[in-house]
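Notes to accompany the following structure.
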Amino acid sequence: HVLKSGENMAGGLMPAMHAEAPSMWLSWLEISDVDAACERVKANGGALLSEPMDMHTVGRMAMAKDPTGAVFGLITPAT
């Protein structure tokens, strides 16, 4: 489910992608190129928790963690 403020995407809700995943909130960073950002995450000591994927009507997205373990999402919204 996409949460909007007017016509602007402001958030979303979805079921866990894995049965063992706990309920959680996740901060998403809107960027112009998810694939390039994922390469920068890995090059700087972070790791991908999900490979970049396209979600219909939402955009291209991936989940990652920084070298300290902080988890975040990367998204290029669908146009």
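The values are calculated or read from the model by the stated rules, or taken from the named source; none is laboratory data. Here the structure is a predicted model, which is why all the values come from computation and not from measurement. Counting neighbours? That spans all protein chains shown, and the Cβs are built from the backbone with ideal geometry, glycine included. For accessibility, only protein heavy atoms count, side chains too; no ligands or nucleic acids. Shrake-Rupley method; radii C 1.70, N 1.55, O 1.52, S 1.80 Å.
Kindly indicate whether any position in the stretch 60-71 is on the phi < 0 side of the Ramachandran plot, in contact (Cβ under 8 Å) with a residue 40 or more places away in the chain and among the hydroxyl-bearing types (Ser, Thr, Tyr). No; the residues of the stretch 60-71 include none that is on the phi < 0 side of the Ramachandran plot, in contact (Cβ under 8 Å) with a residue 40 or more places away in the chain and among the hydroxyl-bearing types (Ser, Thr, Tyr). Restricting to the stretch 65-79, and then to whatever is part of a loop (DSSP other than H, G, I, E, B) and among the hydroxyl-bearing types (Ser, Thr, Tyr), can you tell me which residue is least open to solvent (accessible area, probe 1.4 Å)? For the stretch 65-79, the residue satisfying everything is Thr68. Would you check if there is a residue in the stretch 48-58 being part of a helix (DSSP H, G or I), exposed (fewer than 10 other Cβ atoms within 10 Å of the Cβ) and over 11 Å from the mean Cα position of the chain (by Cα)? No, every residue in the stretch 48-58 fails to be part of a helix (DSSP H, G or I), exposed (fewer than 10 other Cβ atoms within 10 Å of the Cβ) and over 11 Å from the mean Cα position of the chain (by Cα).
Looking only at the stretch 1-46, filter to residues that are within 27 Å of Thr68 (Cβ to Cβ) and of a type in the set (Ser, Thr, Tyr); which one of those is surrounded by the fewest Cβ atoms within 10 Å (Cβ to Cβ)? It comes out as Ser23. Filtering Ala37, Ala62 for residues that are under 13 Å from the mean Cα position of the chain (by Cα) and assigned to a helix (DSSP H, G or I) leaves a single hit, Ala37. In the stretch 32-58, which residues are closer than 11 Å to Ile75 by Cα and modelled with pLDDT under 95? Met55, Val58 - these are the residues of the stretch 32-58 that are closer than 11 Å to Ile75 by Cα and modelled with pLDDT under 95.
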